[in-house]
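See structure below.
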Amino acid sequence: MQPKTKYFNILLLLVAGAMVLSACTPKPVTGTLTLLDWSGYELPEFWTDFATKYPEVKVEFSFMSESADSYAKMKSGTLVDLVHPCSNFWKIMVDEGMVQPLDTSKISNWKDVNPALALQGQFNGKQYWAPWDWGFESILVRRDLVQNVPNSWADLWNPEYKGHIALYDSGETAHVITALALGFTDPWSTTPEQDEQIRQKLLELMPNVLTVWSSQTELEQMIASGDVWVAASAWNASYVNMVDQGLDVVYIDPAEGRGGYLCGFAIPTTSTNVDLALAMIDAYLAPASQAKLANDYGYGIVNTAAIPLVNQTTADLLSLNDQNIISRTIFYKYLTPEQRDSWTNMWSEVKTSQ
Amino acid sequence: MDKRSRFASLIGPPGIYLLLIFLVPIGVMFIYSFRSGISGVAHDTFTLANYQSFLRNTNFQNLLWRSAIISVTIAGFSTLMAYPLAYYLVFKAGAKRVTLMTLLIVPTWTSYLLRIFSWKLILGSSGALNSLLLSLGWIEKASPILIYSQQAVIATLVYVWVPFVALPIFAALERIDKSLLEAATDLGCPKWEAFLRITLPLSLPGVLAGFFFALIPTLGEFVTPLLVGGVSGSMYGNLIQDQFMRALNWPMGSVMSMAMLLAVLFLIFMLTRFGSLSDLAGF
């Protein structure tokens, strides 16, 4: 007998043996569940329920640096069972058939998810996305360094802040906040004339701008050092962190409304682990996981049953219960490819004009 | 082992590696530059539209030009600073040479980002330099010094590249036959003239190699401008990143990368007119 066939026969025998064994005793579910997630959410405390229910399942994380990164990774062939981008990428992924609808009846915590936020994950009458984390984008100000605290997005143009503003490095954000400052009610449906007005207005803002920011840590370091007095589109998590550091900061409620981002999970069309993926979403939505997200990271949460578990100071800092602010929040919408292109090019031109 | 198979076994592994992770990706990018979008059958077309819109976009071209000037400046300053350093190490340092060489490399053992952040802490509004100037009464209000500007990008990258530029110059100076210098002295040639007529010309291959060491990677820089450049220090690399990450316009990003590749080749071509390509390799 050739050695190769010998090994093959032994293998066959083993497989057959395993099949007999598994038929006799109810074996725990095994396998591997893979996630494409933001770093920080891989901590087991965020998915305790899953680990308890499926102790034999191996959970593997790969990380995304931003929503566009998750889109690019999936486009270039990364296979995962769950992906976690923010809402401005939800529609494009649905339209391109990259994700599948969720069977929410298999998610026990679904009944407590804030319906207004869940609605944003629906397309063509189906729930594709399970929202999980959200946050404000507003203006964070070093009160001790400015004469006047701004009250609106339009106040960013105040010459008092010359050379001390940080803007978020994205054409989408730049377009939206400038449209709001100009009084355009829907920044996502602007006319070409309005786009030109936005470009001009942004050019006028540049002398006030010290730098653009793209990572939360980097922004917080510049606010703490006093280089940046007025941080535009800062996240509420940064506000919580700056308060924790004992800085005299204020997170304003601009007259035009705060911006908002919402992120969540979907199951890629290529996943063959749908039931496990649904169980994982359920675990992430559990009140204890959501409360940890708010208490440790200062992010907004979607499970209403988790709000009592959030400590009062954090809940107040996040305005978690302030329906007045939340209802006026302007969440990111879907961009058409044309808008994405032209806003990025406009921003590339404006930010390099100095 | 005959000569040919020895050559193959030496060149083979790195050659295949380069082919896979360098030439193939560049080829893929070249193909992408003619597509109309990222993926999907609808975008499987051949188009020159991306090249046309690149040629129409004066902003992209201006920034490429500006970045080329920035990186030539960086490479120039790095070389000017590295030369005396390498000269000292080869001709004056004697037994301390190895120690000094190690000291030169030590900073690169820590994370680059960490070093940038500490620069920002020293030069920032609440940093050491501001505190000093404030307490001396030389300034009235703290503000960032040097950082968030094009000069900051240049200063930071010169600091980063000096050790790497010094290495090829060091190697070139060390190869110089010292008896040539002794002969010059014997024949009554003053030291400065011996330097200009013997040392400098013989070390030029190392100088050019060092210059390109700094020039080529800095042309595509995007991390340093992001961290210390402020709004006036953006470079071409930042715009390429925007096309890939923000606009999701991979074809345009590819066209821009191709344009940069051409710019680098052009710069190399122009500068190698002063010396042959084999000099660059340090042979």
For the range B:134-151, what are the residues that are over 33 Å from the mean Cα position of the chain (by Cα) and either at pLDDT 85 or above or more than 12 Å from chain A (Cβ to nearest Cβ) (or both)? B:134, B:135, B:136, B:137, B:138, B:139, B:140
When the range A:35-46 is examined, which residues are found to be of a type in the set (Phe, Trp, Tyr) and modelled with pLDDT of 95 or more? A:46
Just to be sure, is residue B:213 farther than 28 Å from residue A:203 by Cβ, modelled with pLDDT under 90 and either within 14 Å of chain A (Cβ to nearest Cβ) or buried (at least 20 other Cβ atoms within 10 Å of the Cβ) (or both)? yes
For the range A:49-74, enumerate the residues that are of a type in the set (Lys, Arg) and within 14 Å of chain B (Cβ to nearest Cβ). A:73
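Tally time: how many residues in the range B:91-100 are in contact with a helix residue (DSSP H, G or I) (Cβ under 8 Å, 6 or more places away or on another chain) and at pLDDT 85 or above?
Within the range B:91-100, residues that are in contact with a helix residue (DSSP H, G or I) (Cβ under 8 Å, 6 or more places away or on another chain) and at pLDDT 85 or above number 3.
Taking the stated definitions as given, is residue A:327 within 14 Å of chain B (Cβ to nearest Cβ), polar (S, T, N, Q) and either surrounded by fewer than 20 Cβ atoms within 10 Å (Cβ to Cβ) or closer than 19 Å to residue A:131 by Cα (or both)?
In short, no.
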Please indicate, with yes or no, whether at least one residue in the range A:79-90 is modelled with pLDDT under 90, under 23 Å from residue A:117 (Cα atoms), among the hydrophobic types (A, V, I, L, M, F, W, C) and touching a Phe, Trp or Tyr at 6+ places or on another chain (Cβ under 8 Å). no
Can you find even one residue in the range A:208-216 that is in contact with a Pro (Cβ under 8 Å, 6 or more places away or on another chain), assigned to a strand (DSSP E or B) and either of a type outside the set (D, E, K, R) or modelled with pLDDT of 95 or more (or both)? yes
Taking the range B:143-154 as the region of interest, how many residues are touching a Phe, Trp or Tyr at 6+ places or on another chain (Cβ under 9 Å) and part of a helix (DSSP H, G or I)? 2
Filter pass, residue A:266 being more than 14 Å from chain B (Cβ to nearest Cβ), surrounded by 23 or more Cβ atoms within 10 Å (Cβ to Cβ) and over 25 Å from residue B:116 (Cα atoms): yes
Is one or more of the residues making up the range A:328-342 assigned to a helix (DSSP H, G or I) and among the hydrophobic types (A, V, I, L, M, F, W, C)? no
Positions within the range B:230-245 being buried (at least 23 other Cβ atoms within 10 Å of the Cβ), within 8 Å of chain A (Cβ to nearest Cβ) and not polar (S, T, N, Q), in sequence order: B:230, B:231, B:239, B:242
Checked against (1) farther than 27 Å from residue B:241 by Cβ; (2) among the hydroxyl-bearing types (Ser, Thr, Tyr); (3) crowded, with 17+ Cβ neighbours inside 10 Å, residue B:67 satisfies every condition except (1)
What number of residues within the range A:64-114 satisfy the criterion of being buried (at least 16 other Cβ atoms within 10 Å of the Cβ) and not in a helix (DSSP H, G or I)? 18
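Listed here are the residues, each with its yes/no results for (1) hydroxyl-bearing (Ser, Thr, Tyr); (2) within 14 Å of chain A (Cβ to nearest Cβ); (3) in a helix (DSSP H, G or I).
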{"residue": "B:77", "(1), (2), (3)": "no, no, yes"}
{"residue": "B:85", "(1), (2), (3)": "no, no, yes"}
{"residue": "B:88", "(1), (2), (3)": "yes, no, yes"}
{"residue": "B:100", "(1), (2), (3)": "no, no, yes"}
{"residue": "B:118", "(1), (2), (3)": "yes, yes, yes"}
{"residue": "B:122", "(1), (2), (3)": "no, yes, yes"}
Quick one: residue B:159 ticks every box in (1) in contact (Cβ under 8 Å) with a residue 40 or more places away in the chain; (2) more than 14 Å from chain A (Cβ to nearest Cβ) except a single one, so which number is it? (1)
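A quick yes/no check of all residues on (1) over 16 Å from residue A:251 (Cα atoms); (2) crowded, with 17+ Cβ neighbours inside 10 Å; (3) under 24 Å from the mean Cα position of the chain (by Cα); (4) away from chain B (no Cβ under 14 Å):
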| site | (1), (2), (3), (4) |
| --- | --- |
| A:146 | no, no, no, no |
| A:160 | yes, no, no, no |
| A:179 | yes, yes, yes, yes |
| A:184 | yes, yes, no, yes |
| A:196 | yes, no, no, yes |
| A:199 | yes, yes, no, no |
| A:203 | yes, no, no, no |
| A:209 | yes, yes, no, no |
| A:227 | yes, yes, no, no |
Considering the range A:75-96, residues that are closer than 20 Å to residue A:262 by Cα and polar (S, T, N, Q), and then whichever is nearest to the other protein chains (Cβ to nearest Cβ), we arrive at A:88
Regarding the range A:116-132, can at least one residue be identified that is part of a helix (DSSP H, G or I) and surrounded by fewer than 17 Cβ atoms within 10 Å (Cβ to Cβ)? yes
Considering residues that are part of a helix (DSSP H, G or I) and farther than 25 Å from residue B:245 by Cβ, the number found within the range A:164-180 is 0
From B:193, B:174, residue being outside any loop (DSSP other than H, G, I, E, B), more than 14 Å from chain A (Cβ to nearest Cβ), more than 30 Å from residue A:162 (Cα to Cα) and free of Cβ contacts under 8 Å to residues at least 24 places away in the same chain: B:193
Read through the list (1) on the phi > 0 side of the Ramachandran plot; (2) outside any loop (DSSP other than H, G, I, E, B), then give the number of the only condition that residue A:60 fails. (1)
With (1) over 30 Å from residue A:228 (Cβ atoms); (2) touching a residue at least 60 places away in the same chain (Cβ under 8 Å); (3) more than 14 Å from chain A (Cβ to nearest Cβ) as the list, and residue B:219 as the residue in question, which single condition is left unmet? (1)
Sole residue being part of a helix (DSSP H, G or I) and either within 14 Å of another protein chain (Cβ to nearest Cβ) or free of Cβ contacts under 8 Å to residues at least 24 places away in the same chain (or both), chosen from B:71, B:36, B:9: B:9
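The values are calculated or read from the model by the stated rules, or taken from the named source; none is laboratory data. None of the values given here were measured: they were computed from a predicted structure. Every residue, glycine as well, gets a Cβ built from its backbone with ideal geometry; the counts of neighbours run over all protein chains shown.
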